[in-house]
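I have placed the structure first, in the form of structure tokens, so that the comments after it can refer back to it.
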Amino acid sequence: MAEFLDSFDVEREVLLGAVGKVEEVWGRFQQRRALEVDGADESDSLIAGELAQVRRELEATRFTVGIFGLIKRGKSTLLNGLIGREVSSMHVTPETAVPVYVSYGDQPGAVVHFADGSIKHVAVEDVASYTSQKENPNNRLGVTFVEQTVPVGFLRNGTRLIDTPGLDDAEADEVYTERTLQELDVVDAGVVLFLSPPTVGATELGFLEQVVARDLKKTFLVCNMYPQHFHDVETRQAVLDYVGNRIVQASREAGRAGEVKVYPVCALEAWQARQTDDIDLWKRSGADRLLRDIENYLSDHAGRQVLEEASRRIVRIAQMARGEVQVRQQLLDDPEQLDEFRRALDRNILDLERRFEEAVTMALTEVAPLKMRIRGLILQPFSRAKQELEELRTLEEVEQFSSRFRRQLEVTGELASRQFEEGLGHLVERLQRQLQERFEAVLTDLAPNLPRVHLSPHALLVTQDQLQQLSRAQARSKQTSRTSAVVGGLSGGGAAVLAGAALLGPLGLLGGALVGWKLASVLTSQRSLSAAQRTIRDRLDEISSTLLADVDAQVAVAIRDVRGAVDRQRHAFAHDLYQQLEIVQSISEQPESLIAYRRDAERFVEAFESCATRARTALDLEARDRLVVPA
């Protein structure tokens, strides 16, 4: 199991070794001072901070696999079969009312997250009390999601599975379908499950056709069958031909090329095989091939992208470090000009601060209209809901309204999170480019022909405190403390887990949980339609106010973090250069040792170039880059 993650871990360790080598050489070169960033464990060096970020992002990489489909299709049974342990309910009724995230833990356990921000540790056998529709109807408890840990080898290296709320035939409207499609967009791999025979209905086929119109590369279409149909070759092939042809046709109409695969699986037998350790039954169930292909995809695509990006970043950091050595060489070649260098550096740093204060202020003014747009987007479902509420004629319709509105708010909240993430991301990219360009201008003024300055793509979205919190959380447990992927509309793998800390949180699930929590008591206690309508209107106002307050608070934190990150990088850059001046000033007072120090600088240039080569060859990056044809 999970051989791909074993391989990923080996390559990740090689890259972490490359990071360690650059850190070692940089430490010797810097002759570290006692100065540190206030309240942080990091050195005040820009290079050291970049290296620490690559290290943490590599160590924090997680891969998320989502299980999707209508209710009563066997999603939970398949999930249990894949990991070999019962971690989700497997009843006939619509069980999963909230997402369940399953990750590795030395001991079985679960943490329930609520809409009010509180959490509750519960025993595994008690999870159903919070996740099932029967025990928690309409999510009256206000549960946003549940994290469950199990000591399963398949998950030990960071893979996480998600059992999502099912879409039943009566409720599989376009809103909930869109929510599922959004979730598929952000997981590292998605397993879309449907059940046949007796038949695949029009609603389910429509859903599958929309799935293949998105991104088939990371989507695994699984046809779950009962044993009697699964082992009837004629029946199984007829089903696969029918569904496969419809899916192929839909993918062509959507302009999607590539092979369409449908995996025939008997989830019931896969789970039985796990319970009895029957390897032959496990292979016959079809789940073995599905699991292997998921592993291979994660290895060849999601994992490979993470490793290659980290390798390139290590190369660029080593080149930046080499550039700082060349600054020292320039100063050592002409130590009599140190005073002029210092004056030039003072002018450049003052200009840098002035320009960036203007740039940051200008950029962050763009956040205000972005926030207003997000607020308006969140309020839209509430305006429609109040109009619809007036048209209801029975208490039964009120209950249906509540369920439908919850789905609408979940979709809208997730869309809002993504729009803010995208908008803030564009803003930060511009700031990052400006910061790099100004750093390069300062370095070029001191020593021409230096390597380009490349900063971490996430450095302005992640604070030192967040990085330290993540490290402490990982020291306590191998599971992440906040969800990604479905929750908040953030990417499940790679460094985006880190970036999510500074973006809008899980507004979709928060909104849905608030609806269940606030409206459940209304639906159970009211006997008068008019009284129920009045109470619901008041509750809608409470929910909207809570969501808007959450948005405002998170946007304020994002602005503060971006400004703080810019200041931190700018100060670290200045510290590095002033340190060079101080060291060279000390060296210049020892003329008999000047030649030796120049030789040292030459050796450091070679050492950092060697570090860059080591990072390139760790994944045979040069060969891979040669295969890329320029556009």
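List of remarks:
- Selection of first residues in segment 431-451 that are of a type outside the set (Phe, Trp, Tyr) and exposed (fewer than 14 other Cβ atoms within 10 Å of the Cβ) and of second residues that are at pLDDT 80 or above and assigned to a helix (DSSP H, G or I), restricted to Cβ pairs under 7 Å at least 6 apart or on distinct chains, gives the following pairs, ordered by first then second residue: 445/344; 445/348.
- Among all residues of segment 605-612, there is at least one that is of a type outside the set (Gly, Ala, Ser), out of contact with any His (no Cβ under 7 Å at 6 or more places or on another chain), surrounded by fewer than 19 Cβ atoms within 10 Å (Cβ to Cβ) and without any contact (Cβ under 8 Å) to a residue 24 or more places away in the chain.
- Flag if residue 345 is modelled with pLDDT under 90, over 30 Å from residue 83 (Cα atoms) and among the hydrophobic types (A, V, I, L, M, F, W, C): yes
- Residues that are outside any helix (DSSP H, G or I), touching a Leu at 6+ places or on another chain (Cβ under 6 Å) and either at pLDDT below 80 or within 25 Å of residue 114 (Cβ to Cβ) (or both), drawn from segment 66-99: 67, 69, 70, 88
- Residue among 381, 369 that is surrounded by fewer than 12 Cβ atoms within 10 Å (Cβ to Cβ) and either at pLDDT 90 or above or under 28 Å from the mean Cα position of the chain (by Cα) (or both): 369
- Some residue of segment 101-110 being buried (at least 17 other Cβ atoms within 10 Å of the Cβ), in contact (Cβ under 8 Å) with a residue 40 or more places away in the chain, among the aliphatic types (A, V, I, L, M) and not in a strand (DSSP E or B): no
- Set side by side, the residues 569, 580 differ, and just one is under 36 Å from the mean Cα position of the chain (by Cα), under 30 Å from residue 597 (Cβ atoms) and crowded, with 18+ Cβ neighbours inside 10 Å, which is 569.
- Some residue of segment 314-332 being closer than 20 Å to residue 14 by Cβ, surrounded by 15 or more Cβ atoms within 10 Å (Cβ to Cβ) and of a type in the set (Gly, Ala, Ser): yes
- Taken together, the residues in segment 246-289 that are at pLDDT 90 or above and outside any helix (DSSP H, G or I) amount to 8.
- Checking residue 555 against (1) of a type in the set (Val, Ile, Thr); (2) within 19 Å of residue 412 (Cα to Cα); (3) surrounded by fewer than 22 Cβ atoms within 10 Å (Cβ to Cβ); (4) at pLDDT below 85, the condition it does not meet: (4)
- Filter pass, residue 599 being free of Cβ contacts under 8 Å to residues at least 60 places away in the same chain and either farther than 30 Å from residue 408 by Cβ or among the basic types (Lys, Arg) (or both): yes
- Conditions (1) surrounded by fewer than 24 Cβ atoms within 10 Å (Cβ to Cβ); (2) at pLDDT below 85; (3) closer than 30 Å to residue 392 by Cβ; (4) not charged (D, E, K, R); number of the one not met by residue 509: (1)
- Any hit, segment 10-26, residues being in a helix (DSSP H, G or I), under 23 Å from residue 584 (Cβ atoms), among the charged types (D, E, K, R) and modelled with pLDDT under 90: no
- Selection status of residue 410, touching a helix residue (DSSP H, G or I) at 6+ places or on another chain (Cβ under 9 Å) and in a helix (DSSP H, G or I): yes
- Checked against (1) at pLDDT 60 or above; (2) polar (S, T, N, Q); (3) in a helix (DSSP H, G or I), residue 471 meets all criteria but (1).
- Being more than 23 Å from residue 445 (Cα to Cα) and not charged (D, E, K, R) is a property that holds for residue 267.
- Scanning segment 393-411 for residues being surrounded by fewer than 21 Cβ atoms within 10 Å (Cβ to Cβ) and more than 17 Å from residue 520 (Cα to Cα) gives a total of 1.
- The residues listed here are 561, 538, 550, 576; of these, the one that is part of a helix (DSSP H, G or I), among the acidic types (Asp, Glu), at pLDDT 85 or above and in contact with a helix residue (DSSP H, G or I) (Cβ under 8 Å, 6 or more places away or on another chain) is 550.
- Residue match in segment 358-366 (condition: at pLDDT 85 or above and surrounded by 12 or more Cβ atoms within 10 Å (Cβ to Cβ)): yes
- Among residues of segment 123-140, those that are part of a helix (DSSP H, G or I) and of a type in the set (Gly, Ala, Ser), counted: 2
- If you go through segment 333-342 and keep only what is loosely packed, with under 12 Cβ neighbours inside 10 Å and modelled with pLDDT of 80 or more, you end up with 339, 340.
The values are calculated or read from the model by the stated rules, or taken from the named source; none is laboratory data. A quick note: this is a predicted structure, and the numbers were derived from the prediction, not measured. As a convention, Cβ positions derive from the backbone with ideal geometry for all residues, glycine included, and neighbour counts pool all protein chains shown.
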